[in-house]
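Since the structure comes first, as structure tokens, the remarks are kept for the end.
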Amino acid sequence: MKKILLLSLFVISAMLVIFNEKQNQPEQAVSEGLYAPDFEVSGTSAVDKGSSLSELKGKVIFLHFWASWCDSCKGEMPSIEALYRKMSDNDDFRMITVIYKDDTGNAVKFMSANGYSFPVYSDPKGKASKNYRVTGVPESFIIDKKGIIKRRVIGTDEWSSPANSRFIDNLLNE
């Protein structure tokens, strides 16, 4: 009887360890050259209802996580706006900027006060940021038409620079 009890405890313990490890692992790795995890985000305006990666297959995607309380994020916003204005007429390009651990109202007020027009989405349950292993902001991903992460930038960048424009243009022309 003791052997059966010990064996049962061992099996249950092993199952709990395996279950716990599976719960703590992200659904997939997030790295340049790998397929981007799907995401679902909610729009913050009547114009931007919501979006998901699966809806955007065949498009080059600029996915950017930011917050209105983040000084580094604020510093790169003009270059993101310039990129958006340059690319907004291109049907093969989509910009998805996602509020990270921030109040949606504060982010919308910040956008309005600064005259920014790029689309802003919320991630109320933090699932998109978890799937992309975002640990802080700003953090950006450029995803090609096939859904592969081509660039991951942790921190700021000059998104309207000639080098970034060429990089995105090359992806659009693939």
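Points to keep in mind about this one:
- Within the stretch 147-168, considering residues that are in contact (Cβ under 8 Å) with a residue 60 or more places away in the chain and over 20 Å from residue 85 (Cα atoms), the one surrounded by the most Cβ atoms within 10 Å (Cβ to Cβ): 149
- Meets criteria (on the phi > 0 side of the Ramachandran plot and either surrounded by 14 or more Cβ atoms within 10 Å (Cβ to Cβ) or touching a helix residue (DSSP H, G or I) at 6+ places or on another chain (Cβ under 6 Å) (or both)) for residue 130: no
- So residue 125, is it loosely packed, with under 15 Cβ neighbours inside 10 Å, modelled with pLDDT under 95 and not hydrophobic (A, V, I, L, M, F, W, C): yes
- The condition of being out of contact with any Phe, Trp or Tyr (no Cβ under 6 Å at 6 or more places or on another chain), modelled with pLDDT of 95 or more, over 24 Å from residue 32 (Cβ atoms) and not polar (S, T, N, Q) holds for only one of 115, 105, that being 115.
- Lone qualifier among 21, 40, 27, 32 - being out of contact with any Gly (no Cβ under 9 Å at 6 or more places or on another chain), under 23 Å from residue 143 (Cβ atoms) and at pLDDT below 90: 27
- Residue in the stretch 62-80 that is touching a residue at least 40 places away in the same chain (Cβ under 8 Å), closer than 15 Å to residue 145 by Cβ and among the charged types (D, E, K, R) present: no
So that you can scan it fast, the table gives a plain yes or no per residue for (1) under 16 Å from residue 52 (Cα atoms); (2) at pLDDT 95 or above; (3) not aliphatic (A, V, I, L, M):
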site	(1), (2), (3)
137	no, yes, no
141	yes, yes, yes
146	yes, yes, yes
156	no, yes, yes
162	no, yes, yes
168	no, yes, no
172	no, yes, no
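- For the stretch 62-72, the criterion of being buried (at least 21 other Cβ atoms within 10 Å of the Cβ), assigned to a loop (DSSP other than H, G, I, E, B) and among the aromatic types (Phe, Trp, Tyr) is met by no residue.
- Some residue of the stretch 97-106 being surrounded by 19 or more Cβ atoms within 10 Å (Cβ to Cβ) and of a type in the set (Ser, Thr, Tyr): yes
- Hey, residue 46 loosely packed, with under 15 Cβ neighbours inside 10 Å, outside any helix (DSSP H, G or I) and at pLDDT below 75 or not: yes
The values are calculated or read from the model by the stated rules, or taken from the named source; none is laboratory data. Since this is a predicted model, take the numbers as computed values, not measurements. Quick reminder, even Gly has a Cβ in these numbers, built from the backbone with ideal geometry, and neighbours come from all protein chains shown.
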